Ligand SMILES: C[S@@+](CC[C@H](N)C(=O)[O-])C[C@H]1O[C@@H](n2cnc3c(N)ncnc32)[C@H](O)[C@@H]1O
């Protein structure tokens, strides 16, 4: 079984450590009920449809209606059609496996925490910078069920300006937010500089990517 991003997503060409989750997923897939995931900043489904088509029940949290229902975004290179999350769920016949939530994840929370909670490049987005990193990470951690997995691609600061934002941590700084009594960090790594240009930042630029995968310890651990 191999895991990859949805190749039809606008965001699919941009780096994610998501495929490395593959080896951790079978532990949630052997029970009688479908495993549950929450994708925070789900956009047009880059991480959602790979999970729904694998049988997961997903909550997709996203604020941008164009990426939820489809439409067009204007780039310098011209109009860019976006298929959208809901159309992708219909195309993959998995609408019944996804609940789409058009809310800010800092103001919402699932009734029941999930087996897997994913974010990618989320904490440093302009709409989230008003919060300290500990609150952004803590909110995402609170979505994870005991025994569940936390996954994030994150950006590490490359200069003083990014460091001053307070939301682009070094891996060691991020690790401090995972209390060893509650979490086992499986992986927390600096992946180095990766160049890209995309909606929201169309000039060619480099991001220093990090990725973290952590297990919330079961209540009886
Ligand atoms: C840059 S896109 C990335 C999409 C794709 N999942 C990826 O990582 O490649 C991040 C998405 O997160 C959404 N987002 C940012 N802050 C959010 C928040 N506080 N709550 C819900 N969605 C948020 C944005 O609207 C945007 O569509």
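The values are calculated or read from the model by the stated rules, or taken from the named source; none is laboratory data. What you see is a predicted model, and the numbers here were worked out from it, not measured in a lab. Here the Cβ positions follow ideal geometry from the backbone for every residue, glycine too, while neighbour counts run over all protein chains shown.
Taking first residues from the range 97-109 that are outside any strand (DSSP E or B) and partners that are more than 11 Å from the ligand (Cβ to nearest atom), the Cβ contacts under 6 Å between residues at least 6 apart in sequence or on separate chains come to 97/52; 97/57.
Listed by first and then second residue, the pairs linking a residue in the range 37-51 that is at positive phi to a residue that is within 8 Å of the ligand (Cβ to nearest atom) and part of a strand (DSSP E or B), with Cβ atoms under 6 Å apart and 6 or more places separating them unless they lie on different chains, are 41/119.
Against the test of being surrounded by fewer than 21 Cβ atoms within 10 Å (Cβ to Cβ) and in a helix (DSSP H, G or I), the options 7, 19 yield a single qualifying residue, 19.
Here is a check on your reading of the model: is residue 90 free of Cβ contacts under 8 Å to residues at least 12 places away in the same chain and within 16 Å of residue 151 (Cβ to Cβ)? Against the criterion (free of Cβ contacts under 8 Å to residues at least 12 places away in the same chain and within 16 Å of residue 151 (Cβ to Cβ)), residue 90 does not qualify. Against the criterion of being out of contact with any helix residue (DSSP H, G or I) (no Cβ under 8 Å at 6 or more places or on another chain), more than 11 Å from the ligand (Cβ to nearest atom), over 26 Å from residue 126 (Cα atoms) and part of a loop (DSSP other than H, G, I, E, B), residue 31 qualifies.
The sole residue among 169, 132 that is at negative phi and away from the ligand (no atom under 16 Å from the Cβ) is 169. Would you confirm, using the coordinates I've provided, whether residue 104 is within 9 Å of the ligand (Cβ to nearest atom), within 24 Å of residue 5 (Cα to Cα) and surrounded by fewer than 18 Cβ atoms within 10 Å (Cβ to Cβ)? For residue 104, the condition - within 9 Å of the ligand (Cβ to nearest atom), within 24 Å of residue 5 (Cα to Cα) and surrounded by fewer than 18 Cβ atoms within 10 Å (Cβ to Cβ) - is met.
For (1) in contact with a strand residue (DSSP E or B) (Cβ under 7 Å, 6 or more places away or on another chain); (2) modelled with pLDDT under 95; (3) more than 26 Å from residue 211 (Cβ to Cβ), each residue gets a yes or a no:
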{"residue": "24", "(1), (2), (3)": "yes, no, no"}
{"residue": "29", "(1), (2), (3)": "no, no, no"}
{"residue": "34", "(1), (2), (3)": "yes, no, no"}
{"residue": "46", "(1), (2), (3)": "no, no, no"}
{"residue": "52", "(1), (2), (3)": "yes, no, no"}
{"residue": "69", "(1), (2), (3)": "no, no, yes"}
